[in-house]
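What follows draws every value from the coordinates through simple rules; no lab data is involved. These figures come from a predicted structure and were not determined experimentally. Cβ sites come from the backbone with ideal geometry, for glycine too, and all protein chains shown count toward neighbours.
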């Protein structure tokens, strides 16, 4: 409420509370840490600018995630458009260089850690292969621990649609991960 | 939607704890009896476990500093002067809020009173307007769908006995 009247200290408290969650959410959605930081900043700036128009009908957290989701959607669409426009085939090396932003350089790490990081990289790549809404809902339920009702409000669909989206995203992930040779048994060996 | 698909969706929602108590019991009963369902649930759990291997991303302190810097550069928003209509709307809103704050009964009685007053005014207005006298000879022009009929009432005065108006001539007849 204080943030609505332009209180910078109150705004700072909000940022401190939600920044990690929002950056994690955006980073998992777009797959690029630097881009995620920029989008998270944009999200908080929009919150600051539109604090006056916020009506506390729904939870503040949902409103924050809604703004972040819209920015993520725009970014995902822009990226796919750019890729289509340029008609460039993104090689695996290029893709990997994208994700190196998220993960530290692990080339000189011991084998086990290297394998672990490599697996994380593949999982992130596979998440990015999912369709937009499936990806967002899966990230919200798995990494943000959100209820279906909240996800429905953020994504802008019904609870039953969210159920279906999450189910399909899990099915797709199962397929994609098994194709990439990542499974629970593989994990057990490591 | 095929039945197995529906069951699979239910299992996924069950895994997230997003189904009602009744459905939970039903799913549990199914899991005890069906090995396929149990296997499906196990696969969901495995996928979830694999996904959770991606640990949380640590953010830098630089983020907050940069953000606060950007926020400090935003000029303070000036309140725009309200236009005539919104100004009155705001006033009305404040009155209604005042009334609402007092009591709901008061609010409803005031609304009802206004409605009755408007109804009385409208009925008085309609009662006071005089009906058009039938003796006045006014050329009447009647239009049908595909014909244009002109009726001259000057040359043919209407009496009480003559209730039917007969057309003198029809224009534009196809």
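Observations on the model:
- Sorting A:139-151, B:63-75, B:40-52 by their mean Cβ neighbour count within 10 Å, with the most densely packed peptide first, gives A:139-151, B:40-52, B:63-75.
- Segment B:1-54: translational diffusion in µm²/s, Stokes-Einstein, Kirkwood Rh over Cα pairs, 10 °C, 1.306 mPa s: 138
- Per the Debye calculation on segment A:109-190 with a single equal scatterer at every Cα and no solvent contribution, log₁₀ I(q)/I(0) for q = 0.13, 0.21, 0.24 Å⁻¹ amounts to -0.47, -0.93, -1.08.
- For A:162-170, mean number of other protein chain Cβ atoms within 10 Å: 6
- Spin-label model distance (nm) - residue A:70 vs residue A:178, 7 Å beyond Cα toward Cβ: 4.0
- Placing pseudo-labels 7 Å out from each Cα toward the beta carbon at residue A:58 and residue B:33 gives an inter-label distance of 3.9 nm.
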